[in-house]
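Every number here is computed from the coordinates shown, using simple stated rules; none is lab data. Model, not experiment: these values are computed from the prediction. Cβ atoms come from the backbone with ideal geometry, glycine included; neighbour counts cover every protein chain shown.
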Amino acid sequence: MNQRRAGLLSKSLMWVAVVGLGVACVIAALGCYPGEINSVTELDIVFTQFDSTHVWVEPASFYLQDTVVHMIDTVDPGNNVTLSRAFDNLIITETRNALLAYGYVEHTAPDSSDYMVTLTALGIQNWTVDVWYPYWGCCWYGYGWYYPPVYDVDSYETGTLFIDMYDQNTVDSVGMRIDRPWNALLNGLLGTTASLTQQRLEAGIRQAFVQSPYLKPQ
Amino acid sequence: MRKIIAAVGMTLCLAAPVSAQDWFWGATWGLSMAGGETADYISEESWRNFGLEGRKFVSPKTSVGLSFNWTVLDEKTTEAVTIPGGAISGTQFRYINAFPLLLTGHKYFGDDEGTMLFVGAGIGAYAVERRTEIGLFAVTSDTWHFGLAPEVGLIIPFGWRAKGFVNGRYHYTSEADGYEYQWWDIRIGIVTM
């Protein structure tokens, strides 16, 4: 009888061990969030927003600001990152080409155009703090039941380009208001090589217009 | 949720005294494929499906039990997402981590010593985390759902007290926080009975 019990117990333990090992392997192999970033460009995003009540009519003209405004954070100036001006002309040219490709006519005088397009860039340093506990089990000697946490502080720099399109026919000089029927935001990590940064900016600006087909006057 | 836990507890408490032959224990691994609206979010199949099964035979051909599963559906896509008043594009990682905890009932057909067909269903709680990562941002939604999962499968003997297990089931959850989930499981595993 005791031998039979011992046999059943050993089989049960073996089964528990097999299942436990399987569970451990699966949990280790799977993870909740598989997949990985293969390139910094995969962290780039393009966000566009439009006023659904706005009517895009043809022919339309635009005035493009001849300078990219580099904005700074005045509330928390320590987080500002100085952006290079080496890409300003590229940004202006790409935006102009995209508007022309959609059939807009460029005006060099700001007041005579239907739309005014502004370009603004912002560089920010972001901070992350991860807290983790280095030991499982009991106890970390000298700390009793308390496990001393480890803090990992990391930072990364991001750049954002804003393209804003204002409807000059809605200027309210008294109320100091103007409608903005479309805007785009390009965001990504800073610090790539000049050629890659150029590619990312070109791709991002083009994508902003590709995903905004309503901009094409009907 | 409390009602579900109470129902599961009642079932296990009312079960007959334990003997090795009365119980069915199993571990499974399998393939998941999203269905319905869930497939609009993640269309790729996933092999990240792990489950534990415990069943108690209340008669020679009928069992009740519990089923726990961990299913990870994921997809990497660059598809632009249209949102009200705009769009967002970039490389996205879309994840669904689903944890169904189901009270199950099954009926068996065939010889106990040979291959047995079973049909049944599970009903219970689904904890689901839906997470979309895009660029440096992530949006996460954690929800609890009520759901059910009809299933059909085979138990195939291959020696000792261990048997092979193959089943297919379809999960369908209620809506919570604007989301409802549907997916297929095709699972293989090892069971003892």
Check: To the nearest whole number, what is the average tally of beta carbon atoms from other chains within 10 Å of the beta carbons of peptide B:23-35?
Finding: 1
Notebook entry, point to check: So how long is each side of the stretch B:18-59 along the principal axes, counting just the alpha-carbon atoms, biggest first, in Å?
Noted result: 46, 18, 9
Next item on the list: Name the residues whose placed amide hydrogens come within less than 5 Å of the amide hydrogen of A:TYR63, ignoring near sequence neighbours (fewer than 5 apart) on the same chain.
Entry: A:HIS107, A:TYR115, A:MET116, A:VAL117
Note to self: I'd like the Karplus ³J(HN,Hα) series for the stretch B:48-61: coefficients 6.51, -1.76, 1.60, θ = phi - 60°, whole numbers in Hz, and an x wherever there's a Gly or Pro.
What the structure shows: 9, 9, 10, x, 10, 10, x, 10, 10, 7, 8, 8, x, 10
Check: Which loop GluC sites (Glu not before Pro) in the stretch B:92-165, with loop taken from DSSP, have no more than 16 other Cβ atoms within 10 angstrom of their Cβ?
Finding: B:GLU113
Check: Longest segment of chain B with no chymotrypsin sites (Phe, Trp or Tyr not before Pro) in a DSSP loop having at most 15 other Cβ atoms within 10 Å?
Finding: B:48-157
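Could you work out Rg/(2.2 N^0.38 Å) for the stretch B:147-193, with Rg from alpha carbons only?
Values: Rg = 14.7 Å, N = 47, 2.2 N^0.38 = 9.5 Å.
The stretch B:147-193 yields a ratio of 1.54.
Please compute the alpha carbon radius of gyration of chain B, then divide it by the globular-protein estimate 2.2 N^0.38 Å. Two decimals is fine. Mind dumping the intermediate values first?
Details: Rg = 18.8 Å, N = 193, 2.2 N^0.38 = 16.3 Å.
For chain B, the normalised Cα radius of gyration comes out at 1.15.
Taking the stretch B:82-173 on its own, what percent of its Cα-Cα pair distances exceed 16 Å? Don't skip to the end; give the middle numbers.
Working: 2874 of 4186 pairs.
It works out to 69 percent of all Cα pairs.
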Notebook entry, point to check: Under a GNM of chain B (C-alpha, springs under 10 Å), which listed residue has the highest mean-square fluctuation: B:ARG161, B:ARG131, B:ARG55?
Noted result: B:ARG161
